[in-house]
Amino acid sequence: MFGRKERRHTVVDTLVGSNSKISGDVHFEGGCHVDGAIKGNVSADSESNSALSISEDGTVEGAVTVPYVVLHGIVRGDVFASQRVELGPTARVIGNVYYNLIEMAIGAEINGKLVHQPAGKTPLLEQTSRIDKAVAVAVDSKFAS
């Protein structure tokens, strides 16, 4: 998946084969390669060196939250790459791309926003989740008495 020094994980620990269709969220560690279809969110710990690669035939219908992303297929949802995202010539993103570093080939398509988020900054998805939890706790405590 990655050949330079900043490219950490090259071993595929999780494989979604071309005849596989997963309905539900996928959380993985290490390397994950998708040739099939996932209808759900795909995530890995943001503090890890986990990497996701999606082939030309691979699709994800949901948010992708992985430190390193190599995309040649289709993602219908937001992509959160805390370290690096690489969009190949056949990559299609129908959603926003939040990135630290980005490499985009001629032919790649994004139907959404490109949002730069420098390393060390809390991703927007995590910020929103924390705010939602804080509001839920405040509402619960108000009605608990």
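Miscellaneous remarks
- Residue-span extension gain [GLU56 to GLU103] - 0.36 nm each, minus C-alpha spacing: 15.2 nm
- Environment charge at LYS39 (Cβ cut-off 13 Å; Lys +1, Arg +1, Asp -1, Glu -1): 0
- For region 14-119, averaging the sequence separation of C-alpha pairs within contact (under 8 Å, six or more residues apart) and dividing by the residue count gives a relative contact order of 17 percent.
- Each of the peptides 85-98, 23-36 was scored by the mean count of other Cβ atoms within 10 Å over its residues; in descending order, highest first, they stand as 85-98, 23-36.
- For MET104, residues with placed amide H under 5 Å, excluding near neighbours: LEU87
- Dividing the convex hull volume of the alpha carbon atoms of region 14-119 by its residue count gives 69 Å³ per residue.
- Here's how it looks for SER82: its modeled amide H is under 5 Å from those of VAL66, which are all 5 or more places away or on a different chain.
Any read-out appearing in this document is the output of simple, stated calculations on the displayed coordinates, not a laboratory observation. Fair warning: this is a prediction, and the values are worked out from it, not measured in the lab. We place every Cβ from the backbone using ideal geometry, glycine too, and count neighbours over all the protein chains shown.
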